[in-house]
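Heads up, the thing below is written out as C-alpha cells.
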Amino acid sequence: MKQILMTGDSITDHFNTGLWLKEFNITNSGVSGNSSDDLLGRLHKDVIVPAPNIVMILIGTNDLAQGRSIDYISGNIGKIVSQIKASLKASEIFTTSVLPTLNNDPRPNGVIDELNKMIIEVSEKHNSGYIDLHPVFRSSSGELKKEFTYDGLHLNEAGYRAWAEYLRPILKKMI
C-alpha cells in the first residue's frame, strides 16, 4: 500500500487520520503553529526522509496571521514543492487550498481566495496536483461553515469527518 504523508500546520496536525481514514497508510506530520517558513525548515526531516509515495501539503494560514504577503507565501510553497520533487522524484505531490475562515480578521477570506489562486499556479508550474477543499467547507457567504469549526479557524469533529469523506475517493484513486 502506498505511503501517504500529510503535512502543514494545526489544521493538519489535529486531523486524526488513524480514526477518519484508517483504511489508508497515512503519516501526519502537521505541526501546530507552523508557517511556510517553519515547514521549509523541517522539510528534510519530516517529509523527505520518510520518502512517502504521496505528499499532501496544507500551509499558509499562519503566514497570513503573521502579516506575510501572498507572494511570499506562494513563493515558499513553490520552494516546498520544488524541494520535495527534487528529492523524491517518484512521489506524487498535492497542494491543498487554504481553508476559508469565519470571522477571523487576520485571515480575510478575500486574501485566502487570492492565495489559493496563487497556490493553483504553483501547482501547475511544478506539475503537481491541487486539492480544493472549498466545496466542502465554504458557506454560500464565502466563509467557513459554522458547523465545521469551534473557533472560526480550526475544524471540529464534524469538519474532520467532512474532510475525510471528501478525501476518501480522491485517495482511493491515488493508491
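Before moving on, here are some points about what is shown:
- Cross-chain or 6+ apart pairs with Cβ under 6 Å, segment 73-98 first and of a type outside the set (S, T, Y), then crowded, with 22+ Cβ neighbours inside 10 Å and in a loop (DSSP other than H, G, I, E, B): I73/G60; V98/G60
- Answer residue from segment 80-105, given it is in contact with a Lys or Arg (Cβ under 7 Å, 6 or more places away or on another chain) and hydrophobic (A, V, I, L, M, F, W, C) and is farthest from E124 (Cα to Cα) among those: L102
- Members of segment 49-69 that are under 11 Å from G8 (Cα atoms) and either surrounded by fewer than 16 Cβ atoms within 10 Å (Cβ to Cβ) or of a type in the set (G, A, S) (or both): G60
- Verdict on Y130 being within 19 Å of D9 (Cα to Cα) and under 13 Å from the mean Cα position of the chain (by Cα): yes
- Qualifying residue in segment 80-103 (condition: surrounded by fewer than 16 Cβ atoms within 10 Å (Cβ to Cβ) and at pLDDT below 95): yes
- Residue within segment 31-39 that is out of contact with any Asp or Glu (no Cβ under 7 Å at 6 or more places or on another chain), in a helix (DSSP H, G or I) and over 25 Å from I170 (Cα atoms) present: yes
- Here the condition is being under 27 Å from K173 (Cα atoms), modelled with pLDDT of 95 or more, of a type in the set (D, E) and crowded, with 20+ Cβ neighbours inside 10 Å; of D46, D9, it holds for D9 alone.
- Scanning segment 1-60 for residues that are among the hydroxyl-bearing types (S, T, Y) and in contact (Cβ under 8 Å) with a residue 60 or more places away in the chain yields a count of 2.
The values are calculated or read from the model by the stated rules, or taken from the named source; none is laboratory data. Here the structure is a predicted model, which means the values were calculated and not measured. Here Cβ is always computed from backbone atoms with ideal geometry, including for glycine, and neighbour counts include all displayed protein chains.
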